[in-house]
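Read the figures in this text as sums done on the coordinates, not as results from a lab. Remember, predicted model here, so these are calculated numbers, not experimental data.
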Amino acid sequence: MMPPTRKKILRTAAGEVWEDPTLEAWPENDHRIFVGDLAGDATDEVLTAAFQKFDSFQMARVVKDKRTRKCRGFGFVSFASAEDMVKAMKEMNGKYVGNRPVKLRKSNWNERTLTRDKRKEVRIFKKLISKK
C-alpha cells in the first residue's frame, strides 16, 4: 500500500512563491485569528489555554524564531465556526494572554494561499517580469 500523497500548499507574498509545509497541520476551511503582542516566552499551550473555552476551538500555534526558538510576538488560533471566531475576537481582544494584553484580528492566511486561478496570475506576472 502506498503512503498517502501530501497536498502541496503554495503561498505567495511580495512577488515570491514558495511551498509552505507548516500549513499542513491546520484544519481545512477553518476560521483563523491572528494574535499579536504575545510575550517572548508565550507557548502553544498558553495560547491554547486562553482560547479553548470556545466550543469550536481547533488549535493554536505560536510562531517561533527559527534560531532562538522564542515566540516572535504573534500566533494564530483556529476555530471550526465563524461565530466562535467572532465571539473570541470580541471577548479576548485586549485581554491578557500570559503577561501581555493581546491584539486580535481576522487572519488573512488564505489570501496568500495559491489557488488554481492565482497560480495562473503568478505565471502571467512572471512572464511579464521576465520580458523587462
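Structure above, values below:
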{"item": "Whole-Hz ³J(HN,Hα) from phi, Karplus 6.51 cos²θ - 1.76 cosθ + 1.60, for segment 48-64, glycine and proline x", "result": "4, 4, 6, 10, 6, 5, 7, 3, 9, 3, 10, 6, 9, 9, 8, 8, 10"}
{"item": "Long-range HN-HN contacts of GLY98 with modeled amide H, under 5 Å", "result": "none"}
{"item": "Amide hydrogen neighbours beyond the local backbone of VAL35, cut-off 5 Å, H modeled", "result": "GLY75, PHE76, VAL77"}
